[in-house]
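Take a look at the structure below.
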Amino acid sequence: MASRAAGRPFMSGWQAGAARGAYSALLRLIAPAYLGKLLWRGRVEPVYRHALRERFGFYGPAPAAPGALWLHAVSLGETRAAQALADALRVQYPGVRLLLTNGTATGFEAGKALLRDGDQHTWLPFDTPGACRRFLAHFRPAAGVLMETEIWPNVLDAARKAGVPMVLANARLSEKSARRGQRFSALLGPAVRSLHVALAQTHADAARLRQAGVPDVDVCGNLKFDMLIDPDLLQRGQAWRAQLGRPVMLGTSTREGEEPGLLQAWQALPAHRRGLLLIVPRHPQRFDEVAAMVKAAGLRLARRSSWTNIPTDEALAADVWLGDSMREMPMYYGLADVALLGGSFAPLGGQNLIEAAACGCPVVMGPHTFNFAEAAELSLAAGAALRVAGIEEGVARAADLLAPGQRDTFAANALAFAAAHQGAARRMAGRIVPLLRQA
């Protein structure tokens, strides 16, 4: 019995090492393809071609000043949530310096708003052992914070070896992701066990994170309730709505495969119930694709990028507006009477509905909200949202809310719902600041 018990950790360690070795070898093999992907995407989003050497952990000859808090937010949504955390950290630990990393062009551009004097900004390195070692040797952070779901085996292994405590903040783990993680436990298990703490959004997330092996988990809430809404953008959207003189139905953060059904269901409505359809795709590289769909449907299209502060006469007469701009979501929610939640009408897990609620915009969601399960259920319980079985029903219910006086109660409930769940940033900062004081 003793020899068998002693053998299990050995086998576990051997399997973990073999899994990470195979993973690392695969990443090295596909590194040229990864570089090619960055160059290809850079045709549409030039930021992807910025500082390509940094993606592989190569920086200038002089090392950075040590002791910063490393904060990683992969894309736009995580970066905007990280703003609330950064603000809370600066209140609780004045003088904190940030090392901000991002993984996407939209996240990198949005990340510039988080920076203050003395902060640094770069790309998260490709998850090979060498790139991660070079990154940590150059920047020497005091601690690291990964946002939401960013579990990178070599990043976390290199941080452990460098003595950098790592926090998973605003952490979420859906049942689907937990099941997938179990299939790769030899690779992901050591990574999650190396975390200093996970600061979970919900009790359900916390339970799954503990089951996955995170040694310390604390439930702090969702940072996205603490995101500040730009009042100027919100007021601009409201002014455009008044200028239009007709109701606006918004497809927010739509994903591939959802727009055709949305367009078909909207066109099937009687003309007097349609108003304006506003579509804001989740990914900017799809703007042209969605514009082509609208035109192919025989609808008059106006693109947000075609005017500056005042919609043109052609835009005011259009059937559909395409929200092909970045960092203007409060404006779109101010413009809209009701929003259909992208990612929830296809089995994609939904998108963040909290920003819509904070802008007082009622939400109609489909059946697939597993990525934001608790926020979706809380919004339903608060009377801030409706759930439907599919896009046709969703458009019909949204059209009902476009009728005069129908949305007011939902809008008031949405504002109350958003305000009631604030405070996560303060709680998370309270767990992170001691790591900086101990460094």
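The values are calculated or read from the model by the stated rules, or taken from the named source; none is laboratory data. Remember, predicted model here, so these are calculated numbers, not experimental data. Because the Cβ atoms are built from the backbone with ideal geometry, glycine has one as well, and the counts that use them run over all protein chains shown. Areas reflect the complete protein model, heavy atoms only, side chains present, ligands, DNA and RNA absent. Shrake-Rupley method; radii C 1.70, N 1.55, O 1.52, S 1.80 Å.
So the values come out like this:
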{"quantity": "Index of the failed condition, Leu435 passing every other in (1) outside any loop (DSSP other than H, G, I, E, B); (2) within 28 Å of Pro311 (Cβ to Cβ)", "calculated": "(2)"}
{"quantity": "Options Gly257, Gly245, Gly237: the member that is within 30 Å of Asp337 (Cα to Cα), of a type in the set (Gly, Ala, Ser) and buried (at least 21 other Cβ atoms within 10 Å of the Cβ)", "calculated": "Gly237"}
{"quantity": "Hits in region 40-65 - residues which are open to solvent by 70 Å² or more (accessible area, probe 1.4 Å), touching a Lys or Arg at 6+ places or on another chain (Cβ under 8 Å) and at pLDDT 90 or above", "calculated": "Phe58"}
{"quantity": "Output for region 192-210, where each listed residue is over 18 Å from Leu156 (Cβ atoms) and either of a type in the set (S, T, N, Q) or not in a helix (DSSP H, G or I) (or both)", "calculated": "Gln201, Thr202"}
{"quantity": "Whichever residue in region 104-127 is part of a loop (DSSP other than H, G, I, E, B) and open to solvent by 20 Å² or more (accessible area, probe 1.4 Å) and, among such residues, is nearest to Phe56 (Cα to Cα)", "calculated": "Phe126"}
{"quantity": "Residue that is farthest from Leu124 (Cα to Cα) [pool: residues in region 85-106 that are under 15 Å from the mean Cα position of the chain (by Cα) and not polar (S, T, N, Q)]", "calculated": "Leu85"}
{"quantity": "Arg172 surrounded by 19 or more Cβ atoms within 10 Å (Cβ to Cβ) and of a type in the set (Lys, Arg)", "calculated": "yes"}
{"quantity": "Every residue from region 346-384 that is among the hydrophobic types (A, V, I, L, M, F, W, C) and more than 20 Å from the chain's Cα centre (by Cα)", "calculated": "Leu380, Ala381, Ala382, Ala384"}
{"quantity": "Residue in region 406-417 that is crowded, with 19+ Cβ neighbours inside 10 Å, at pLDDT below 95 and at positive phi present", "calculated": "no"}
{"quantity": "Selection from region 80-103 of residues that are in contact (Cβ under 8 Å) with a residue 60 or more places away in the chain and either open to solvent by 20 Å² or more (accessible area, probe 1.4 Å) or polar (S, T, N, Q) (or both)", "calculated": "Arg80, Gln83, Asp87, Val91, Gln92, Tyr93"}
{"quantity": "Which listed residue is more than 21 Å from Glu109 (Cβ to Cβ) and either among the polar types (S, T, N, Q) or touching a Leu at 6+ places or on another chain (Cβ under 9 Å) (or both), from Ala317, Ala382, Ala339", "calculated": "Ala339"}
{"quantity": "Any chance Gly360 is small (Gly, Ala, Ser), more than 22 Å from Pro284 (Cα to Cα) and open to solvent by less than 40 Å² (accessible area, probe 1.4 Å)", "calculated": "yes"}
{"quantity": "Test for Gly298: is it over 18 Å from Leu348 (Cβ atoms) and part of a loop (DSSP other than H, G, I, E, B)", "calculated": "yes"}
{"quantity": "Residues (among the basic types (Lys, Arg) and open to solvent by 60 Å² or more (accessible area, probe 1.4 Å)) located in region 298-344", "calculated": "Arg300, Arg303, Arg327"}
{"quantity": "Considering residues of region 128-169 that are open to solvent by 30 Å² or more (accessible area, probe 1.4 Å) and either β-branched (Val, Ile, Thr) or assigned to a loop (DSSP other than H, G, I, E, B) (or both) only, the residue farthest from Leu89 (Cα to Cα)", "calculated": "Trp152"}
{"quantity": "Condition met for Phe135 (among the aromatic types (Phe, Trp, Tyr), under 27 Å from Ala18 (Cα atoms) and either in contact (Cβ under 8 Å) with a residue 40 or more places away in the chain or in contact with a Cys (Cβ under 8 Å, 6 or more places away or on another chain) (or both))", "calculated": "yes"}
{"quantity": "Members of region 334-357 found to be within 17 Å of Phe410 (Cα to Cα) and without any contact (Cβ under 8 Å) to a residue 60 or more places away in the chain, listed by number", "calculated": "Leu353"}
{"quantity": "All positions within region 199-216 that are more than 18 Å from Gly423 (Cβ to Cβ), surrounded by 19 or more Cβ atoms within 10 Å (Cβ to Cβ) and of a type in the set (A, V, I, L, M, F, W, C)", "calculated": "Leu209, Ala212, Val214"}
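A quick yes/no check of all residues on (1) assigned to a loop (DSSP other than H, G, I, E, B); (2) charged (D, E, K, R); (3) over 19 Å from Leu223 (Cα atoms); (4) in contact with a Phe, Trp or Tyr (Cβ under 8 Å, 6 or more places away or on another chain):
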| site | (1), (2), (3), (4) |
| --- | --- |
| Pro63 | yes, no, yes, yes |
| Pro66 | yes, no, yes, yes |
| Leu71 | no, no, no, no |
| Glu78 | no, yes, no, no |
| Ala84 | no, no, no, no |
| Arg90 | no, yes, no, no |
| Val96 | yes, no, yes, no |
